[in-house]
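Asker: Sharing a structure with you now.
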Amino acid sequence: IVLAGGQSVTPVFVSIDPKRDTPEAVKDYAANMHDKMIGLTGSDAQVKQASQAYRTYYKVQPGDDEFYLVDHSTFSYLMLPEHGFVEFFRRDVSAEKMAEQISCYIENA
C-alpha cells in the first residue's frame, strides 16, 4: 500500500482461528484482500501467545465442527522497522485518518 506521501506499507493479517484458518486459507484470504498482504496463522498456543502479546480478545463460541463463531477484538497495529510497535487503530478510525497518522509516524521515525 502506498500512502499519499509516497511511503509504502505492508499489511499483515493474523488469524485467531487456526482450526479453520489453515495456512492455505489464510494465504488465499490475504491475497484477496491486497496483493501485498501477508497472512499469518499458527497453532492454538501460538495464536494465544500473539493475542496476549498484543492484548487482544478472542473466544470461540459453541457450535458444531463446521459452523461456529469466534468473537474477537479488531485492531490494526502500526509496526516500524527498528521501532517495533508504534500505534494501534480501532475499527472506527477512517482509512484517511489512519493513513494520515501512519504517514506522520513514518516521516518522523
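Asker: Take the range 25-44 and flag every residue that is open to solvent by 70 Å² or more (accessible area, probe 1.4 Å), more than 30 Å from residue 108 (Cβ to Cβ), at pLDDT 95 or above and not basic (Lys, Arg).
Answerer: Matches in the range 25-44: 28, 29, 32.
Asker: Kindly list, by first and then second residue, each pair from a residue in the range 87-109 that is in contact (Cβ under 8 Å) with a residue 60 or more places away in the chain to a residue that is of a type in the set (D, E, K, R), limited to pairs with Cβ atoms under 9 Å and residues at least 6 apart or on different chains.
Answerer: As it stands, the answer is 102/87, since those pairs meet every condition given.
Asker: Right, another one. Got at least one residue in the range 90-107 being open to solvent by 70 Å² or more (accessible area, probe 1.4 Å) and closer than 20 Å to residue 50 by Cα?
Answerer: Within the range 90-107 (the criterion being open to solvent by 70 Å² or more (accessible area, probe 1.4 Å) and closer than 20 Å to residue 50 by Cα), the answer is yes, since at least one residue qualifies.
Asker: Another question, then. Can you name every residue in the range 1-42 that is within 21 Å of residue 70 (Cα to Cα), of a type in the set (Val, Ile, Thr) and out of contact with any helix residue (DSSP H, G or I) (no Cβ under 9 Å at 6 or more places or on another chain)?
Answerer: 22, 26
Asker: Against the condition loosely packed, with under 10 Cβ neighbours inside 10 Å, closer than 28 Å to residue 106 by Cβ and under 16 Å from the mean Cα position of the chain (by Cα), how does residue 6 come out, does it pass?
Answerer: Against the criterion (loosely packed, with under 10 Cβ neighbours inside 10 Å, closer than 28 Å to residue 106 by Cβ and under 16 Å from the mean Cα position of the chain (by Cα)), residue 6 does not qualify.
The values are calculated or read from the model by the stated rules, or taken from the named source; none is laboratory data. A quick note: this is a predicted structure, and the numbers were derived from the prediction, not measured. Because the Cβ atoms are built from the backbone with ideal geometry, glycine has one as well, and the counts that use them run over all protein chains shown. When the accessible area is computed, the model is the full protein with side chains, heavy atoms only, and any ligands, DNA or RNA have been set aside. Shrake-Rupley method; radii C 1.70, N 1.55, O 1.52, S 1.80 Å.
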